[in-house]
Amino acid sequence: MSLMRLVYASRSRLVEGHRAEELQRIVTSAERLNARNRITGFLLATPGAFAQVLEGAQIDVAETYGRIVTDLRHANIRLLVEQPIVARGFGQWSMGLAERDETTAFIFGLYGVTPENDLIEQPVDTLLELAGELARGRA
């Protein structure tokens, strides 16, 4: 099976009072669907944006991304990269999550992710490095 990686970033439409519950719903649903479709990946979240890495077979990744672009919790979705890969970088995660909060703000900041310069403004290499670092820290 040939593998591909897709990375996107979007503005978050999550309402602050219900943000934690919505993020949990996103992760729970993604873990179930991704496990079924052999998708792996990692989601980065801030109060204002999302960035996500998806890995798997092209048809499965395309189907998953198709669901995401119609999800009303996202706005201004930007497809950053869609490329073939030799091996999964996030193989241990059906869907990992790292949210910028009090405990992770420093690491997000090291990669330039701040309230003034959110995930959607970052280059794809920065997002992949940040997701990799946070995934390793949670493994």
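For region 2-39, the set of residues classified as in contact with a Phe, Trp or Tyr (Cβ under 6 Å, 6 or more places away or on another chain) and among the hydroxyl-bearing types (Ser, Thr, Tyr) consists of Ser10, Ser12, listed by residue number. In a residue-by-residue description of region 90-101, the property of being more than 14 Å from the chain's Cα centre (by Cα) and modelled with pLDDT of 95 or more applies to no position. Of everything listed in (1) farther than 17 Å from Ala135 by Cα; (2) touching a Pro at 6+ places or on another chain (Cβ under 8 Å), the single unmet condition for Arg100 is (1).
Which members of region 44-59 meet the condition of being surrounded by fewer than 24 Cβ atoms within 10 Å (Cβ to Cβ) and either free of Cβ contacts under 8 Å to residues at least 12 places away in the same chain or closer than 16 Å to Val81 by Cβ (or both)? If the condition is that a residue be surrounded by fewer than 24 Cβ atoms within 10 Å (Cβ to Cβ) and either free of Cβ contacts under 8 Å to residues at least 12 places away in the same chain or closer than 16 Å to Val81 by Cβ (or both), then Gly56, Gln58, Ile59 are the ones that fit.
Per-residue answers, yes or no, for (1) free of Cβ contacts under 8 Å to residues at least 24 places away in the same chain; (2) in a helix (DSSP H, G or I); (3) among the hydroxyl-bearing types (Ser, Thr, Tyr); (4) surrounded by 15 or more Cβ atoms within 10 Å (Cβ to Cβ):
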residue: Phe90; (1), (2), (3), (4): no, no, no, yes
residue: Ser94; (1), (2), (3), (4): no, no, yes, yes
residue: Thr103; (1), (2), (3), (4): yes, no, yes, no
residue: Phe106; (1), (2), (3), (4): yes, yes, no, no
residue: Ile120; (1), (2), (3), (4): no, yes, no, yes
residue: Asp125; (1), (2), (3), (4): yes, yes, no, no
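For every residue, the table says whether it meets (1) modelled with pLDDT under 95; (2) β-branched (Val, Ile, Thr).
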| position | (1), (2) |
| --- | --- |
| Glu16 | yes, no |
| Pro47 | yes, no |
| Val53 | no, yes |
| Arg67 | yes, no |
| Arg73 | yes, no |
| Gln83 | no, no |
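The values are calculated or read from the model by the stated rules, or taken from the named source; none is laboratory data. Keep in mind it's a predicted model, so treat the numbers as computed, not measured. So basically every Cβ, Gly included, is an ideal-geometry build from the backbone, and we count neighbours across all protein chains shown.
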